[in-house]
1. When the residues of region 364-403 are narrowed to those that are in a helix (DSSP H, G or I) and among the β-branched types (Val, Ile, Thr), which ends up farthest from the chain's Cα centre (by Cα)?
2. Does Leu215 fit the bill of being assigned by TED's automatic domain parsing to the domain that holds His274, surrounded by 15 or more Cβ atoms within 10 Å (Cβ to Cβ), under 22 Å from His52 (Cβ atoms) and of a type in the set (A, V, I, L, M, F, W, C)?
3. Restricting the first residue to region 141-165 and requiring it to be over 27 Å from Leu271 (Cβ atoms), which pairs with a second residue that is at pLDDT below 75 meet a Cβ separation below 6 Å and a spacing of at least six or different chains?
4. If a residue must be of a type in the set (Val, Ile, Thr), in a loop (DSSP other than H, G, I, E, B) and out of contact with any Ser or Thr (no Cβ under 9 Å at 6 or more places or on another chain), how many such residues does region 560-616 contain?
5. Of all residues in region 87-146, which are part of a loop (DSSP other than H, G, I, E, B), under 30 Å from Leu209 (Cβ atoms) and either over 41 Å from the mean Cα position of the chain (by Cα) or not small (Gly, Ala, Ser) (or both)?
6. Give me a count of the residues in region 9-50 that are at pLDDT below 95 and either β-branched (Val, Ile, Thr) or on the phi > 0 side of the Ramachandran plot (or both).
7. If you go through region 231-242, how many residues are under 15 Å from Tyr281 (Cα atoms), in a loop (DSSP other than H, G, I, E, B) and in contact with a Gly (Cβ under 8 Å, 6 or more places away or on another chain)?
8. Among the listed residues Val901, Val919, Val908, which satisfies the condition of being over 24 Å from Leu815 (Cβ atoms), assigned to a loop (DSSP other than H, G, I, E, B), among the β-branched types (Val, Ile, Thr) and modelled with pLDDT of 80 or more?
Amino acid sequence: MHIDDIRELFARPPAEFGPTPFWFLNDELDEARLLHALEEMKSKGIAGVIIHPRTGMEVEYLSETFWDRMRFICETLKRIRMKGWIYDEYNWPSGPVGGKLLREHPEFKQRGLNYKLLRASQLHESIQNLTAELVAVFAVTAEGIADRTDQALKGNATAAGGDVLAFFLREANVPMFSTHCAPWAKGERGYLDLLNPDAVDEFMRLTHLEYDRRLKEYYGSSLVGIFTDEPANYSGLPYTGRMPEEFKRRLNRELREALPSLAARLGGIPLEAHIRNRTNYFELARDLYVESFFKKISAWASERGLIFTGHLYEEDRLDRLPASNVSFFGSLSQMHMPGTDILCDKHGYQKRHSALMHGNFNPKALSSTAHHCGAERTLCEIWGGNGWATPPERLKAVLNWAVACGVNFVNPHAAFMSLRGLRKRDFPASHFPPQPWWRFYQKFSEYIARLSYLNSRGSHVASVLFAFPVKSLWAEFDLRAKSNKLADFLEAASETLLRNQVDFDYLFDEVVDSGAVSVAEDGLTVRNEKYSLLLLPLAQVIPGKMLELAEQFAAAGGKIIAFGYELPTHDEYGSEIGARIEALLGGDQCPTVVCRHLGTDASADLSWLAKTVREQAERDLIAEGPLARDLIYLHRNVEGADTYFIANLSEQEENAELTFHRPGRPQLWDPENGTTQDILAYRTGMDTTRITARFGPNQAFFFVFTDEPPVDHVDSTNLNLTSVTTDFADGYTSALEVRLARGARRYVRTVEQALPPIYLPDRWEIDYPLRNIMRLGPWGIRILSGERTFQWSPRKEPLLGLRARILIETIRHALALGRVFKKVAGKNLVWDTRYEPLDEMGDVADTWCSWLGIDRTQMEDYAVGELLLNIANYVGFPIGYDYPPPDCEFAMSTVFHVDYVPDDLALVYEQPEGGPTSVQLNGIELSEKPVPTFVWDASNRAVPIARLVRKGENTLRLQWRQPRFPSLFPSVHGIEPVCLTGTFWMSKGRVTEQKYRVPTLPWADIGLPHYIGAITYKNSFDLPLNYMGQRLFLKLDRIGSAADVQVNGKHAGVILWRPYVLDVTDLLAAGENTIEVTVANTAANLLGTPVPAGLIGRPYIVPYWRHRIRFGE
């Protein structure tokens, strides 16, 4: 596609490039609400939806009613011209069919291979207490390793001292979301054996073939693809029942012989055998996984013309890759559109956290897979679990990073149909009306569409091929290790390259094994992409074909940078390669090869890597200045042009000096507004173009170089140029001194009398009356019936040591004593149940594990979470569990204070199953029928209470019955919000009379601490006549979180992020002018941790002087 055609579509890209969110079918699936939701999303620029049965769905998954609603959805999508995607499970991970498959076929449950090193004297007792199937037992002595499996199974295994290594199969007996959190769910534990083709066939029979039977007529129209979510091995090492047979068939030896090598490096096993055993095992596991699951679904989708996409589990955890997914490329290469998952609202340049451990690897590995497989688009499920407080600018920052790493299909997590009950804690936030700034989402959709569209055109350009040593990770993997030094350095090296504007693709072992890489003197070629530099991470093992490729490339004069903690001694099958490594890396035999032994100073090693790559790589972009290390870029080549997407990932506004290794006609394409314009200030060199660009916080642009002749331009200036001719340059600036350089000439102009900014009045009118919100609480809770006894005890938990048990008991008694004192003082109260961001929950879990001395390496992640929640509940801090318990009847009481009683004062709550059984205000039962309203959800109900409220203290008591179906943290049954609404203000927690004019302060400071929604501010000001003729900009100090601006009744623009600036030159007139600013916040002030909201700080008008610089004067 030619750049001229691309330019025509940039402002309004085809609909398919807009966001395609998860659409949570999480309520009763009323057809009217389904229709409204789809039409609402369509109106906001949503391209399509991944139809996701989700937590709280009342219609049973795959029931006749479910299929009836799915048909209605497909018909609606067809009518309104939106695209739908099948999601292949209820909740996630894909496979259990909402628990049905696990119930009907327990033989298909996943079992992981695990091991334990014991003293010989402990073996008999351990076998007796083992809650898993014993596979093999080996005596580990100074003389070597001996198989004692047969004796152990007969109960008479002995060893003369030393240790015993026991291997066993343990069921993935953890709770999964795919079997919880719905009225029809049964709460089965465990997962599906994805290495078992019979298990996968049954999964597809119950799911995929049912879609064939019910909805095949919509394939290719309403339904265009299928999404699979987080398939993985969830217990120990991957294993399936046919593994010994397949091992014997492929390798002509017993699997049992290889098992001791899967534990940590043990004496008695020659190194070459240890390495070979591990490679044989993991290659088999990878092949079975790919053949049984991914290839089958890919073939099914291909036969039906559907796009197969989805993502793996823990794809950001390189240290866990061999256990959870075995291989990154092996699985994702089977997808037509490979995908990944980026959780929370942090990106790879920020501090690492538990939800983004090896963050830069994740999207770069994804795009590398796509480049090597020829996939045009890459999906990213993005922003899941970040909580309610994330403003649009934080979403934009993560999006810019992901797109610069190669993502071009944006799958927001998620659009919630309902927030009723536990649904609001299902890894929010929501990209839908419950989020107040949703009203401005069209602008965000357009931004996403432009990024996705332009970064889907043409082909990727990078000079560096970064060998990804998955077989080295296999060789070094330790199921019991808390971290992996090689994995951590690979991530750090990846970030270093990106921060130095060195783009790259990972080169996977499977690509090399397939012979897809060709060697020439000027580079390595994979498909149609050529690379001039090979980065070669070194470990104890280097795959034979990777080494052969490096040798061929070095012999052809290719550049190689090798680095590692040790020089390889063997290939992946245990053959010695020391002499070949010495020939490649040592001496002067290969002058284009640079090698470094990594030490203990990671910072020095990374500095060396950055310096060496800068010297060796053919860099197509060099950034200089304060922002240089905070920039990230993506280069693509299209017919007639090169495009460079460059994003500032910092919170600073600065200039950056950008040198492109590309002549031509430079243009700036702005994805925020869709404009394209020639760059009029730049310097040229020998095949280079140097541009000074100013980036705002988290701002991104496309720099496009076409093959057209350059336009007239200057070398540099501080003017915002609007035109340049052979005779003059026009532009504007607020600076008092104008500077411009053109060739050898320098021009300076001084503004003799500057016009000051015009600050707008400090008090604004707002829409009146405003229906405010007051969140009630804290609450005193009393269980009336159905209270359950908690059975768990730390004494029965084998994974807790003595230290942990002592600390747990100490905390339990301290909290119990504290509750006694609080009860006496009348302060034993709780707030409504809230969701905390996923990364914060993960960091807290890590801290508690460390403090209690819990060895996380002995457990799967889901099991770690369950253990910590058990501990919390045991000590009397019921976080993460249903509180009050399921199916119990409970009363919740609180007090609130009123100084002013508005006529429209109402009590608002959610209408759960059956509703509250009793509502009493000041001891009087409310008899009026609640009416539907919408404050945070369609389930909200309002009851007028003005006649019962008295000035001063009021007492409120509600009685409920908790739902009975099984839940799973964080989507647990809890205490839901209860609020007052009406035309009032809040002051020091009391209801007061509403004001009409307000200052530009955070809403919490003017009486709206819990308000979620939008407020329109109105004002007027005089503009002196001498300001006319200048460029005039409206600047807002701060917005929380998004705004729409009208000036003199005309639309000025929508503001979602910094800079909070609008050009209002053509909208203003001399004399009186009016302005309206409609501000919408996030839902955090009611549903999460409150954050500043509103129009904050006085807006002002800034004049920019127009200038014309005549050349030659």
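1. Thr369
2. Judged against the criteria, Leu215 is a match.
3. Note: pairs meeting the criteria are Gln151/Ala157.
4. Count: 3.
5. Scanning region 87-146 gives Asp88, Glu89, Tyr90, Asn91, Trp92, Pro93, Pro96, His105, Gln110.
6. Of the residues in that region, 0 qualify.
7. The qualifying residues number 4.
8. Val901
The values are calculated or read from the model by the stated rules, or taken from the named source; none is laboratory data. For clarity, every value in this text was computed on a predicted model and none was experimentally measured. Here Cβ is always computed from backbone atoms with ideal geometry, including for glycine, and neighbour counts include all displayed protein chains.
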